[in-house]
Amino acid sequence: QYDRTIARLEAVIPPEKIGYFFFEDLFQQSTVDAFCRFLGVGTHPGAFDKKVNFDRRPDLGISLQQRVQAVSMFSDVYEFIFKKFGDRVPDAWHQSYAMREGAHA
């Protein structure tokens, strides 16, 4: 529930001390560089083609029905994120949000 976490964080931490980065963007050099700059550390080239702790078993995923239910249950959180971060929200979030129950009705 990112909406609650962000509200609590912003209530006690100055905005310039908070860096928001989306997981979906972390595997791009530009995002890693921005993250490093935010932390005040040097940048290094990433090995983004190397997968570590990657599970290839397809049976561990959730079903489409479960995903639709989860997205529907947290639609208020999605809406908060879209409003707060605007164009920074990765496409994967928009694609998931489009799955919610009643979205295609």
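The values are calculated or read from the model by the stated rules, or taken from the named source; none is laboratory data. As the structure is a prediction and not an experimental result, all values here were calculated from the model. Glycine also receives a Cβ, built like all others from the backbone with ideal geometry; neighbour counts cover every protein chain displayed.
Restricting attention to region 23-61, and to residues there that are among the small types (Gly, Ala, Ser) and part of a loop (DSSP other than H, G, I, E, B), which single residue is farthest from the chain's Cα centre (by Cα)?
Gly42
When residues of region 14-42 are filtered for being loosely packed, with under 13 Cβ neighbours inside 10 Å and more than 18 Å from Phe85 (Cα to Cα), how many remain? Break it down into steps so the answer makes sense when it comes.
Step one: filter region 14-42 for residues loosely packed, with under 13 Cβ neighbours inside 10 Å, giving 14-20, 23, 26-30, 37, 39-42.
Remaining after also requiring more than 18 Å from Phe85 (Cα to Cα): 27-29, 37, 39-42.
Counting residues in region 14-42 that are loosely packed, with under 13 Cβ neighbours inside 10 Å and more than 18 Å from Phe85 (Cα to Cα) gives 8.
Might you let me know whether region 52-62 holds any residue that is farther than 28 Å from Met99 by Cβ, modelled with pLDDT under 95 and loosely packed, with under 14 Cβ neighbours inside 10 Å?
yes
Of the conditions (1) at pLDDT below 95; (2) closer than 30 Å to Lys17 by Cα, Phe85 satisfies every one except a single condition; which number is it?
So the condition that Phe85 fails would be (1).
Please work out which residue is surrounded by the fewest Cβ atoms within 10 Å (Cβ to Cβ), limiting yourself to region 88-105 and to residues that are assigned to a loop (DSSP other than H, G, I, E, B) and modelled with pLDDT of 95 or more.
Applying the filter and picking the extreme gives Pro90.
Among the residues of region 63-87, which ones are loosely packed, with under 11 Cβ neighbours inside 10 Å and of a type in the set (D, E, K, R)? Even if it seems obvious, please write down each step before you answer.
Going residue by residue through region 63-87, those that are loosely packed, with under 11 Cβ neighbours inside 10 Å are 63-66, 76, 83, 86-87.
The answer is Asp76, Lys83, Asp87.
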